[in-house]
1. At 30 angstrom or more along the helix axis (alpha-carbon based) and mean Kyte-Doolittle of -0.5 or higher, what helices does the chain contain? Whole DSSP H runs only.
2. I170's amide H: which non-local residues (gap 5+, or another chain) put their own amide H closer than 5 Å, with H modeled 1.01 Å from N in plane and none for Pro or chain starts?
3. Considering Cα pairs under 8 angstrom that are at least six residues apart, work out the relative contact order of the range 125-329 and quote it in whole percent.
4. Counting other Cβ atoms within 10 Å, keep those with at most 13, restrict to DSSP loop, and tell me which chymotrypsin sites (Phe, Trp or Tyr not before Pro) in the range 88-125 are left.
5. Could you tell me how far the Cα centroid of the range 308-337 sits from the Cα centroid of the range 76-134, in Å?
6. Where does each of 295-301, 186-192, 250-256 land if you order them by average Cβ count within 10 Å, highest first?
7. Can you give the Rg and Dmax of the chain based on its C-alpha atoms, in angstrom?
8. Given the rule -39500 (n - 2.57) for each run of at least 4 DSSP H residues, summed and divided by the residues of the chain, what is its mean residue ellipticity at 222 nm, to the nearest 500 deg cm²/dmol?
Amino acid sequence: MKLSHTAKKHQHTRVEAYRGNSNSYRFFNLLTSDTLLDKVEALLPEHRERLYPPTETLSMFLAQAMSADRSCQSIVNQAAVQRLAGGFSARSTYTGGYCRARQRLPLTMVAELTQHLGDQLDERAPDEWQWQGRHIRIIDGTTVTMPDTAANQAVFPQQRGQQPGLGFPICRIVGITSLASGALLNAAIGRFNGKGGDEQTLLRAIQNTLQPGDIALGDAFFATYFFIAAMQADGIDILMEQNGSRKRVTDFRLGQRLGERDHLILIDKPKRRPEWMSEEDYNAAPERLTVREFQAGGKTMITTLDDHNNYPKEKLKALYKMRWHIELDLRNIKDTMGMNVLSCKTPEMAIKEIWIHLLAYNLIRLMMAQSALLADISPRRISFKHCLQIWLIYLQNAQYLDDEYIGYLFRMMVQKKVGNRPGRIEPRAVKRRPKAYPLLTRTRHEARAEVMKNGHPKKLK
């Protein structure tokens, strides 16, 4: 929707009014603050002066993650031209030095910087972005693929149903994001197949990210007895779809009735100890849990928010529909930023590439939060893709612009709004089909030898 002349003038006036307000620039100031810079310096390893020092390497790696052409050659070419335009001596366009510099960047540095930025971004979110004064954390998992190399296959093997040489290494990611700001607070990465690669295991590795007073949203897969018990012990509430609800019928005649298809009920501890759990921890877990179950929208929900007066089920139903936002967050990271298919050929660099994308994502969220604050709206109403495009164009022309134009940059970011579509449902199907090439039924080496011997097969009529 186009803004009227009056609306544009009002928005411009508001931006100018906020320009001198230190509170309004708290997000942008975070990006250049001494605290963040000190954090970067503290995480940097000891290094000598090289062609690509760590800070420049990190900046180039981030730009590579956010660009359409994510090749090392493209970012090295760009750095070389920018250096020449700045009046410095010409630099080689060979990629070897940059690739070695990327390898020297500590993984812990990139991961900790991502988490630090997410924490700082969420802490600065105003109260009106929260839900009834509570911090909402959304949990979900996804997968990404990487180049088919022996090193990647050894750590992140392909799906079991695929023949050797015909699939791609695949890893699983479980992340926790903030509903208020959209910031990624933490993530765990593991193999798709085998022990320790399921979403529950990965969540346990990062569940200390959740803090007392938080409310955790997640799908039915996370609503296990021992996770709920751990959250209750730490003063954290959960709101999730009931685990296994699609295979069983809940009897709402049992327990303490709170309303129509709404009750409090006691659930018993599983008789069998999970393999991942020590006997000591199993014995220490409570024998029973008091939880609330209610039906909403054809789903049976489970929550520890048992006060039905302060948290009526209609309000909880509306809150759970906001879980859909993490689907958008993951889509933005994977599709909009291009993390769906990784490019690194070793598992160590593949994991680092993931964290670089997550850091870049939080940086864009930082600017979205700044823009939202200036426009007095929720950052969830701003288009992530639009902000990314504006920022990339700004970087290309930053040498011609003064710092005073940053206010106009934020104003442009907020002009593209997205609709509030809670509970959106889309079929997991595509309309546009890929090109009609047959799937490989043998390794590429064998298929290439066959083509060299007999030529390409004739098209079927």
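None of the figures in this text is laboratory data; all of them are computed from the coordinates on show. Small disclaimer: the values here were computed from a predicted structure and weren't measured. Because the Cβ atoms are built from the backbone with ideal geometry, glycine has one as well, and the counts that use them run over all protein chains shown.
1. Qualifying helices, which must be both long enough and hydrophobic enough, are 347-375.
2. Under 5 Å from the amide H of I170: Q158, F192.
3. 17 percent
4. Of the chymotrypsin sites (Phe, Trp or Tyr not before Pro), the ones in loops of the range 88-125 whose Cβ has at most 13 other Cβ atoms within 10 Å are F88, Y94.
5. One Cα centre to the other: 28 Å.
6. Ranking, from highest mean packing down: 186-192, 295-301, 250-256.
7. Radius of gyration, then largest Cα-Cα span, for the chain: 25.0, 79 Å.
8. Using -39500 (n - 2.57) per qualifying helix, the result is -12500 deg cm²/dmol.
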